[in-house]
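The values are calculated or read from the model by the stated rules, or taken from the named source; none is laboratory data. The model shown is predicted, which means the values in this text are computed figures rather than measured ones. Every residue, glycine among them, receives a Cβ derived from its backbone with ideal geometry; neighbour counts consider all protein chains shown. Just so you know, the surface numbers come from the protein's heavy atoms only, side chains and all, with ligands and any DNA or RNA stripped out. Shrake-Rupley method; radii C 1.70, N 1.55, O 1.52, S 1.80 Å.
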Amino acid sequence: MLDAATIIGEAEAKVGIADTDPGARQNLEHLLASLRESFPMSAEGEAGTRAMLTMDAVNRLESLKWLRDQPEIGEERIEAPVFLMGLPRSGTTYFQYLFDRDPRFRLIRTWESTLPSPPPGFDPASIAPRRAAWTEMQKRRGHFEGFEALHLYDEDGSDECHAFLEQSWGAAGLHNLYRVPAYFEWLTQGLDLEASYRIHKRQLQCLQWRGPRKPWALKYPNHVLAMDAILAVHPDARMVMTHRDPAQVVASIAKMTWNLRSSRAAGPVDRHEVGRDMRAFIRRHVDRILEFDRGPQGGRVVHVDYYALVASPVGELRRIHAGIGIDTPESVSRAVADWHEANPRHARGRNDYSLEQYGLDADDLRAEFADYIGRFAIPSEAEGTARAGATA
């Protein structure tokens, strides 16, 4: 049985420091209670989950120990970070990879998100073996069939912020890995997201310490749930948000979630249950987007039409760069155009899915999300794709 005290105790013993991060243990307790209530796991799934949760605690406590032993880490400025966000499956990973063509920005690397310690600037010699260890971990873990088509991903590419937020068990994506509706409710209503983003910031400070100082570009779709918390931790943050047909978003996140849950569950995962879960999941994200948009900080967000981005990435990046207060050097334009040409749609396989598999209907979903669609003038997937094809 998974137990919060045991998991954190093992991490404390391994790292040699007491867990003093506020709220983290409570978050884990809520996650585990929801797992017991809603998601029976296979023996293999439970063993993998225990290993993952322990690694989360170890990684978090290691950064806490580094801060204790090297207090100057806490003085590292995370200056004007750019948070890349949008509904899950709305093109945020594609957008992240475009930002990764720009050497002016620092992005989290795949191996850094899983093996962040020691800080690379403190121990550069550790980077190569950590990359190798991470690659070996991925080979052992494996991915479900079709993962490469469903999620843009390179072994030494840029990574999202999920792992750093998962360290405090403040990551909404946990509801995709497991069916944990009570935990997701806690995350959006009771969890201290500001505390989670302070731990996230600490990891960025550790990675940046003794290394080049560049603005961070930080991608995670679920950042939309925490925009107020982000600004409390990073008052000079810049925010860029993608928008895509929410009916398509629900279909895609349902497929991803079904596959992720199926690899951990004790038995077959009900696709219609996944569909209901993901409809509510996306509704909560949309509500947060609209609430923030109506508030005093709403004008800080640069909004991006996913279909325009795919059709004309260089042109859209120029507009986005202007929105966050920077120029677009010709070298960056060329790098983005070259990457776009080298990674055409379906180059890594087709990602086919349908709402009907998950008990959902596109017209019904577009009616439910009419408030969001109207506010950001979002076309249907068919209309947006046709428009993008006509202008590409």
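With the other protein chains left in place, how much accessible area per residue, in square angstrom, belongs to the chain at a 1.4 angstrom probe?
On a per-residue basis, the chain sits at 41 Å².
Where the only charges are on Cβ atoms (+1 Lys, Arg; -1 Asp, Glu), what is the dipole of the chain about its Cα centre, to the nearest 20 debye?
Here the chain has a charge dipole of around 540 debye.
Indicate the gyration tensor shape class of region 1-53 (rounded, prolate or oblate), computed on the Cα atoms with a ≥ b ≥ c the square roots of the eigenvalues: a/c under 1.5 is rounded; otherwise a/b larger than b/c is prolate and the rest oblate.
Judged from the Cα gyration tensor, region 1-53 comes out oblate (a/c at least 1.5, b/c at or above a/b).
Just grab the label-to-label distance for SER354 and ALA367, each label 7 Å out from Cα along the Cβ direction, in nm (one decimal).
2.1
At a probe radius of 1.4 Å, what is the per-residue accessible area of SER354, in Å² to the nearest 10?
In the full protein context, SER354 sits at about 40 Å².
Take every Cα pair under 8 Å in region 268-392 that's 6+ residues apart, average their separations, divide by the length, and report that relative contact order as a whole percent.
Reported as a whole number, the value is 41 percent.
I'd like the accessible area for GLU185, computed on protein heavy atoms only with a 1.4 Å probe and all protein chains in place. Round to 10 Å², please.
About 80 Å², ignoring ligands and nucleic acids.
Counting only residues 5 or more places away or on other chains, whose amide H sits under 5 Å from the amide H of PHE83 once H atoms are built in the peptide plane?
Distant-sequence amide H within range of PHE83: LEU218, ARG238, MET239, VAL240.
I need the P(r) histogram for region 280-361: all alpha carbon pairs, bin width 5 Å from 0 out to the longest distance, whole percents.
Binned Cα distances yield the sequence 3, 11, 13, 15, 16, 15, 15, 9, 2, 0.
If R0 is 56 Å, what FRET efficiency do you get for LYS14 and ARG387 from their C-beta distance, rounded to 0.05?
Calculated value: 0.60.
Using 0.36 nm per residue of separation minus the Cα-Cα distance, give me the extension gain between HIS272 and ALA51 in nm, one decimal.
Fully extending the segment from HIS272 to ALA51 adds 76.6 nm.
If each residue of separation counts as 0.36 nm, what is the full-extension length gain between SER126 and ASP236 once their alpha-carbon separation is subtracted?
Full extension from SER126 to ASP236 adds 36.4 nm.
Below 8 Å, C-alpha to C-alpha, sequence gap of six or more: please give me the relative contact order for the chain in percent.
Relative contact order of the chain: 24 percent.
Counting pairs of alpha carbon atoms under 8 Å apart in space and at least six apart in sequence, what relative contact order in percent does region 160-256 give?
32
Give the lysines whose C-alpha is closer than 27 Å to that of LYS214, dropping any in the same chain fewer than 8 places away, or say none.
Once the sequence-local lysines are set aside, what remains near LYS214 is LYS65, LYS201.
Using a 10 angstrom cutoff on alpha carbons, build the Gaussian network for the chain and name the most mobile of LYS201, LYS14, LYS214.
Taking springs between Cα atoms under 10 Å, the residue moving most is LYS14.
Tell me whether region 1-102 comes out rounded, prolate or oblate; compute the Cα gyration tensor, take square roots of the eigenvalues as a ≥ b ≥ c, and use a/c under 1.5 as the rounded threshold.
In terms of gyration-tensor shape, oblate.
Based on the Cβ-Cβ distance of SER380 and MET1, what FRET efficiency does E = 1/(1 + (r/R0)^6) give at R0 = 45 Å, to the nearest 0.05?
Result of the calculation: an efficiency of 0.45.
Taking a ≥ b ≥ c as the square roots of the eigenvalues of the Cα gyration tensor of region 272-316, is the shape rounded (a/c under 1.5), prolate (a/b larger than b/c) or oblate?
Because a/c hits 1.5 or more and a/b fails to exceed b/c, region 272-316 counts as oblate.
With label points built 7 Å along Cα→Cβ from the Cα atoms of THR135 and ASP327, find their separation and express it in nm.
It works out to 3.8 nm between the two label points.
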